[in-house]
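Okay, so here's the structure we're looking at.
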Amino acid sequence: MRTIPVSTRESIWEYPRIPIVEPVNRHIEVIHNNSCISDTRRALRVCENGHAPSYYLPPEDVRMELLEPSGFKTFCEWKGVASYFDLVVGSEYVPDAAWVYQEPSRGFEAIRDFISFYPARVDACLLDGEIASPEPRSFYGGWITSDLEGPFR
């Protein structure tokens, strides 16, 4: 009898259309300019159909002194208004490297004040030691890792 292997990878196309928020206890690090910007095992992730998860980090585990409000804002039909931060590490300045929902919509209260980083705008976003790749479209901040299945848009 032949055994068919079961994939241990998550398909982003099986995530719900309306995003969900869930806690993750995986080791998450954000590194830029040889500095650790965040190191946590208390993150939340937001999963939405067709997108790699975005990871939201508790502000207590982020070096907030390296973030400056940028004044840029966007609107998500599900989560509400996001405010952005510029990252300043030494002499290096990265515009709109991270975002936060300070007053998220109903159902997304858990991510209030948690910080999310774009993997394309920092040197490395690591999930259990694996460097995450950014989603192909630069507007989205999902983290693509080897345990995910696309295709990614």
Name the strands (runs of 3 or more DSSP E) wholly inside the stretch 51-153 in which the number of residues that are modelled with pLDDT of 95 or more and touching a Phe, Trp or Tyr at 6+ places or on another chain (Cβ under 6 Å) is 3 or more.
67-76, 80-89, 92-100
Residue 45 meets each of (1) loosely packed, with under 15 Cβ neighbours inside 10 Å; (2) among the basic types (Lys, Arg); (3) closer than 18 Å to residue 114 by Cα with one exception, condition (1)
Tally up the residues in the stretch 35-56 that are of a type in the set (S, T, N, Q) and touching a residue at least 40 places away in the same chain (Cβ under 8 Å), please.
3
Being closer than 18 Å to residue 110 by Cα and either among the hydrophobic types (A, V, I, L, M, F, W, C) or at pLDDT below 95 (or both) is the filter here, so list the residues in the stretch 33-47 that pass it.
43, 44, 46, 47
With over 18 Å from residue 121 (Cβ atoms) and basic (Lys, Arg) as the only criterion, which of 17, 63 stands out?
17
Anything in the stretch 84-123 that is under 22 Å from residue 28 (Cα atoms) and of a type in the set (S, T, N, Q)? List them, or say none.
102, 116
Quick one: in the stretch 19-28, which of the residues that are in contact with an Asp or Glu (Cβ under 6 Å, 6 or more places away or on another chain) and surrounded by fewer than 18 Cβ atoms within 10 Å (Cβ to Cβ) is farthest from residue 97 (Cα to Cα)?
26
Regarding residue 117, is this residue more than 25 Å from residue 146 (Cβ to Cβ) and under 16 Å from the mean Cα position of the chain (by Cα)?
no
Can you tell me which residue in the stretch 11-32 is farthest from residue 149 (Cα to Cα), limited to those that are modelled with pLDDT of 95 or more and of a type in the set (D, E, K, R)?
29
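The values are calculated or read from the model by the stated rules, or taken from the named source; none is laboratory data. If you're wondering where the values come from, they're calculated on a predicted model, not measured in any experiment. Cβ atoms come from the backbone with ideal geometry, glycine included; neighbour counts cover every protein chain shown.
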